[in-house]
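What follows is a single structure, written as structure tokens, with notes after it.
The values are calculated or read from the model by the stated rules, or taken from the named source; none is laboratory data. Nothing here was measured: the structure is a model prediction, and the numbers come from that model. Neighbour counts are summed over all protein chains in view; Cβ atoms, including those assigned to glycine, are modelled from backbone coordinates with ideal geometry.
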Amino acid sequence: MTERLMLLDTASLYFRAFYGVPDKVKAPDGSSVNAVRGLLDIIAKLVTLYQPTEIIACWDDDWRPQWRVDLIPSYKAHRVVEEVESGPDVEETPDPLAQQIPLIRAALGAVGIPIIGVAEHEADDVIGTLATKATLPVDIVTGDRDLFQLVDDARDVRLIYTARGMSNLEMVTDATLVAKYGVLPAQYADFATLRGDASDGLPGVKGVGEKSAATLLLAHGDLDGIRQAAASGQLSAAASARFAEASDYLDVAPTVVRVATDLDITAPGTRVRALDPAEADAAGALAEKWNLGSSMTRALAALASVA
């Protein structure tokens, strides 16, 4: 079996599970458990299909870090439901999902998948650091396009893209990004900066969409090259004016858009393994208490099959 590390963008997956799994099966106390059951089923499918030998659930310890907000105040602002002065703001999350998050963490622990988060950083930054430092081939599992910037054929870092659903998983490589967007993974952060992203509150450069961003990057290599071309009159007068107008945004946006790759992370034991008898009993007890049933069974069986 080829050694391979799988990095889960955990929130991306449990949001998908919550919205994709009908809320019909309840815990004995009436609590919703669809996101937990759905996430366990997602893990079972991923492990069965891609056979990782190591797996980590990467966590948003801060989904909207203040240092990013300080640079671009609109960053994810439309998703804030409560500002918290001394900690992470509260993200808009349906109550039935928010109530399941502690159980999601417990279920991940029960099946032997470690959770890693870093204070004042998003799961994207954890993934970026672990993928960059990994000595094994890496599969990143996410529905977030921001992580396309980490794809690297030379280092065998692939991305399993879930945005079209678990029955339509897409393996993203260098060639995928060139074919779809006309840019290399190393250019993707600049591409996203130029294009902007309403879902993250990034305005982009006025008048620059995906096609024009790709054309500019093809001609000038990176954002710095494009800005130099605009300043020296190599672009049209209208384009140069747009880049001059966006100058303050372009000074800071790359820091916001690029994921961190240098966090101080010491990963715990991440090897996929079968549970010992005591751990198996604890997982069974958790499943019984919360009515996780066949979802827990499938996840444990899949993990044991590659251990």
Residue check for Arg273: assigned to a helix (DSSP H, G or I), farther than 25 Å from His121 by Cα and of a type in the set (D, E, K, R): no
Enumerated helices (runs of 4 or more DSSP H) restricted to region 157-234, each holding at least 3 residues that are at negative phi, crowded, with 19+ Cβ neighbours inside 10 Å and free of Cβ contacts under 8 Å to residues at least 40 places away in the same chain: 185-195, 210-220, 223-231
Determine which member of the set Tyr14, Tyr75, Tyr50 is of a type in the set (Phe, Trp, Tyr), modelled with pLDDT of 95 or more and more than 30 Å from Gly269 (Cα to Cα). Tyr75
Report, ordered by the first and then the second residue, all pairs with beta carbons closer than 6 Å, sequence separation of six or more or different chains, a first member in region 268-284 that is β-branched (Val, Ile, Thr), and a second member that is in a helix (DSSP H, G or I) and surrounded by 15 or more Cβ atoms within 10 Å (Cβ to Cβ). Val272/Leu303; Val272/Val306
Pairing a residue in region 98-112 that is not assigned by TED's automatic domain parsing to the domain that holds Val33 with any residue that is part of a loop (DSSP other than H, G, I, E, B) and at pLDDT 95 or above, where Cβ atoms lie under 9 Å and the two sit 6 or more apart in sequence or on different chains, gives none
Could you tell me which residue of region 276-307 is surrounded by the fewest Cβ atoms within 10 Å (Cβ to Cβ), considering only residues that are modelled with pLDDT under 95 and part of a loop (DSSP other than H, G, I, E, B)? Asp276
Can you work out which of the residues in region 120-144 that are assigned to a loop (DSSP other than H, G, I, E, B) and within 16 Å of the chain's Cα centre (by Cα) is farthest from Ala307 (Cα to Cα)? Glu120
Just to be sure, is Asp146 surrounded by 14 or more Cβ atoms within 10 Å (Cβ to Cβ) and farther than 18 Å from Glu122 by Cβ? no
In the set Asp41, Asp89, Asp61, Asp70, the lone residue that is modelled with pLDDT under 95 and of a type in the set (Asp, Glu) is Asp89
Here the residues within region 1-25 that are of a type in the set (A, V, I, L, M, F, W, C) and over 21 Å from Pro52 (Cα atoms) are Phe15, Phe18, Val21, Val25
Enumeration of residues in region 37-93 that are among the acidic types (Asp, Glu) and farther than 21 Å from Asp197 by Cβ: Asp41, Glu54, Asp61, Glu82, Glu83, Glu85
